[in-house]
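Enquirer: Next up is a structure, given as structure tokens.
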Amino acid sequence: MNIPSNLKYTKDHEWVSIEGDIATIGITDFAQKELGDIVYVEVETLDQTLDRDEVFGTVEAVKTVSDLFLPLTGEIIEFNDNLESEPEKVNSDPYGDGWMIKVKFSDASEIEKLLSNEDYAALIGA
């Protein structure tokens, strides 16, 4: 199970990479394996400002659809357009080309509420 130590995580299986006041967000290796083959990623919240834990989109696999929850309050400034034609990138490279959105977050104190890689590993029993 791949759980990079340089990222933060949520109990909802999203990963967060912080650079300045921009967070890049995707779903974890564990989540993509649980979901199976990803066939569609939908994010209709581009340019919207959402609160932490609000639904920012959905990910559709062959057998299920799952909501995606925003880990940090902020404005969604970018969607990974490559996922429109290649949603399978979420399966093949969840921490790289499979990223989903970028958020300009507004409350840095929320970062402290995210999980470390060790905490996330304990959560999923890895």
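The values are calculated or read from the model by the stated rules, or taken from the named source; none is laboratory data. Keep in mind it's a predicted model, so treat the numbers as computed, not measured. Because the Cβ atoms are built from the backbone with ideal geometry, glycine has one as well, and the counts that use them run over all protein chains shown. Accessible surface areas use protein heavy atoms only, side chains included; no ligands, DNA or RNA. Shrake-Rupley method; radii C 1.70, N 1.55, O 1.52, S 1.80 Å.
Enquirer: Which of the residues that make up segment 45-70 are assigned to a strand (DSSP E or B) and hydrophobic (A, V, I, L, M, F, W, C)?
Expert: Residues satisfying the conditions are 50, 55, 56, 59, 61, 65, 68, 69.
Enquirer: Would you be able to say whether some residue in segment 65-73 is within 25 Å of residue 118 (Cβ to Cβ), open to solvent by 40 Å² or more (accessible area, probe 1.4 Å) and not hydrophobic (A, V, I, L, M, F, W, C)?
Expert: Looking for residues that are within 25 Å of residue 118 (Cβ to Cβ), open to solvent by 40 Å² or more (accessible area, probe 1.4 Å) and not hydrophobic (A, V, I, L, M, F, W, C), one finds none in segment 65-73, hence no.
Enquirer: While we're on this one: Just name the residue that is most open to solvent (accessible area, probe 1.4 Å) out of those in segment 90-126 that are hydroxyl-bearing (Ser, Thr, Tyr) and assigned to a loop (DSSP other than H, G, I, E, B).
Expert: Across segment 90-126, the extreme among qualifying residues is 106.
Enquirer: Pull up segment 93-109, narrow it to residues that are within 15 Å of the chain's Cα centre (by Cα) and free of Cβ contacts under 8 Å to residues at least 12 places away in the same chain, then point me to the one that is nearest to residue 25 (Cα to Cα).
Expert: Among those residues, the one meeting the criterion is 96.
Enquirer: Select from segment 1-59 the residues that are open to solvent by less than 50 Å² (accessible area, probe 1.4 Å) and among the polar types (S, T, N, Q) and write down the one among them that is nearest to residue 89 (Cα to Cα).
Expert: Going through the qualifying residues, I end up with 32.
Enquirer: Being open to solvent by 80 Å² or more (accessible area, probe 1.4 Å) and charged (D, E, K, R) is the filter here; which residues of segment 74-89 pass it?
Expert: Matches in segment 74-89: 81, 84, 88.
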